[in-house]
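Working notes for the structure below.
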Amino acid sequence: MSEPGEGNTLWHGRFADGPSAALLAYTVSLPYDQRLAPEDLAGSRAHVRGLVRGGILDGEEAAAILGALETVEEELTEGRFRFLPSDEDIHTAIERRATELCPAGGKIHTGRSRNDQVATDLRLYTKRALRQVAAAVLGLQDVLQARAIEAGGAYLPGYTHLQRAQPVLLAHHLLAHAWSLARDVDRLLATRDRADVSPLGAGALAGSSLPLDPVGTALDLGFAAVFDNSLDAVSDRDFVAESLFDLALLGIHLSRMGEEVCLWASDEFGFLKLDDAWSTGSSMMPQKKNPDIAELARGKSGRLIGHLTGLLTTLKGLPLTYNRDLQEDKEPLFDSIDQVLLALEAMSGLLATSRFETEAMAAAADSPYAVATDLAEFLVEQGVPFRDAHAIVGEIVRTSLDGGGVMVDLVAAHPQLGPAAAALLAPGVSVTRRTTRGGAGPGPVADQLERFDARLAADRARVHGS
Ligand code: ARG
């Protein structure tokens with residue numbers, strides 16, 4: 001029998017022949033699960049300490065193994081680690097190398113399976129990655145908050161059906177995106193909490209005959225809880241599916257921001273000028289300046305949704321417990337994390353450096369038609385039922401659109417409206433009349449900015465304290 005370290009798999013004992021090249025090519029996960037190396041080392045160390053507490057390893061053996069793992073870590077971080085073709089994944093590679101470095105390494109895997117090992121590693125990774133994403137979301141929220149404060153009294157049309165509806169403060173519009181991101185932070189942290197359960201000690205699927213200590217290793221690894229059912233522990237990938245959902249929805253929020261950047265940066269809107277460093281040119285048309293970041297934020301949301309539906313489809317109908325299908329959890333998770341982090345950084349930079357064309361915004365918002373609701377509400381204040389008021393103003397709008405006069409004159413001349421109502425059509429007046437909580441005017445937006453600031457501070461404490 002040949003030994004591991006000579007290019008054998010860790011499971012070669014039962015097999016007369018080595019694996020075929022095609023099998024290895026198809027089944028290896030090493031190219032992408034290498035990023036789990038820090039978590040795998042942490043999990044192995046905790047497991048070794050647990051084996052000591054269980055009396056399975058003596059202090060000397062444990063010290064030798066921990067020393068070997070130290071060397072493995074150095075080799076990996078310094079790029080000196082030599083992977084072998086038989087290394088199926090990072091877990092086998094680390095164990096194989098540790099065993100080469102010290103004879104006691106052959107005891108590392110006592111009572112452990114790659115099934116509980118990979119679930120442990122992936123949960124540790126997910127906890128770390130989700131926090132990193134949440135921190136990056138806070139970064140984008142900082143930008144939106146700063147731009148909202150700086151926007152002061154600037155206003156633009158708010159849209160429904162992509163038709164000009166009512167004027168809103170620019171700060172209000174920017175904060176709308178910032179609040180949707182606050183829900184993303186919430187979701188990421190909640191998913192992180194549900195991922196915070198240690199599966200280590202579940203073994204292949206059934207636990208162990210050896211005196212292992214799942215609670216001790218969970219504590220050692222900083223998990224908040226430990227599995228209750230070994231079958232569930234090795235087959236559960238809910239935390240990956242939830243992460244992919246959170247990332248997909250965050251990606252959808254970014255896509256909606258991206259779409260507005262594309263619209264606003266167009267000549268048709270003219271609300272936004274992109275900074276040169278955050279936009280791209282055309283290879284053929286010299287005049288072009290394109291919002292590629294915003295377009296990719298929009299476009300890549302498709303891929304994030306794809307990763308979610310892909311994993312859900314993989315999980316659907318899988319029998320208990322571990323099946324190799326579960327190896328398909330990693331690439332979508334890693335890619336979604338990477339893509340969302342890149343998108344957050346790029347969108348933060350783009351939004352931090354763009355110039356808002358507040359004159360163009362105001363000009364679009366000062367259309368007399370955008371004040372129609374104010375006119376109806378003016379009539380309501382005179383005791384006119386809202387439905388009648390709506391009809392009266394609607395008729396004036398129709399007359400004006402049909403060429404029967406400009407709005408301000410028609411309003412001033414109307415017996416129930418008159419000059420006081422016509423004054424509402426003056427530039428910038430309408431937006432100041434949104435006074436209710438959470439509304440688009442200066443009063444409620446000032447209150448909102450305070451609440452948002454408090455929320456951001458609380459979320460920052462949750463992200464960095466968790
Ligand atoms: N690379 C595998 C994965 O990511 C590790 C677990 C393999 N377990 C097994 N019993 N073949 O899922």
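The values are calculated or read from the model by the stated rules, or taken from the named source; none is laboratory data. Values in this document were obtained by computation on a predicted structure and should not be read as measured data. Every residue, glycine as well, gets a Cβ built from its backbone with ideal geometry; the counts of neighbours run over all protein chains shown.
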Candidate set: segment 209-266, residues that are more than 13 Å from ALA195 (Cβ to Cβ) and of a type in the set (D, E, K, R); chosen: the one farthest from the chain's Cα centre (by Cα) = ASP213
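Every residue, every condition in (1) more than 20 Å from ALA178 (Cα to Cα); (2) in contact (Cβ under 8 Å) with a residue 40 or more places away in the chain, yes or no:
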| position | (1), (2) |
| --- | --- |
| ALA421 | yes, yes |
| ARG433 | yes, yes |
| GLY438 | no, no |
| LEU456 | no, yes |
request  = Please name all residue pairs, on different chains or six or more residues apart, with Cβ atoms under 6 Å, provided the first residue is in segment 324-335 and is of a type in the set (Lys, Arg) and the second residue is within 7 Å of the ligand (Cβ to nearest atom).
outcome  = LYS330/ASP33
ask   = Taking VAL168, is it away from the ligand (no atom under 14 Å from the Cβ), touching a helix residue (DSSP H, G or I) at 6+ places or on another chain (Cβ under 7 Å), modelled with pLDDT of 95 or more and not in a helix (DSSP H, G or I)?
value = yes
request  = Might you check whether a residue that is free of Cβ contacts under 8 Å to residues at least 60 places away in the same chain, under 20 Å from ALA202 (Cα atoms), of a type in the set (A, V, I, L, M) and surrounded by 13 or more Cβ atoms within 10 Å (Cβ to Cβ) occurs anywhere in segment 27-44?
outcome  = yes
inquiry  = Given the criteria at pLDDT below 95 and over 20 Å from GLY222 (Cα atoms), does LEU24 qualify?
reply    = yes
request  = Output the number of residues of segment 132-187 satisfying the condition of being among the aromatic types (Phe, Trp, Tyr) and out of contact with any strand residue (DSSP E or B) (no Cβ under 9 Å at 6 or more places or on another chain).
outcome  = 1
request  = Output the residue which, of all residues in segment 53-107 that are crowded, with 21+ Cβ neighbours inside 10 Å and of a type in the set (Lys, Arg), is nearest to the ligand (Cβ to nearest atom).
outcome  = ARG96
query = Restricting attention to segment 28-50, does a residue exist that is under 17 Å from ILE94 (Cα atoms), not in a helix (DSSP H, G or I) and not acidic (Asp, Glu)?
reply = yes
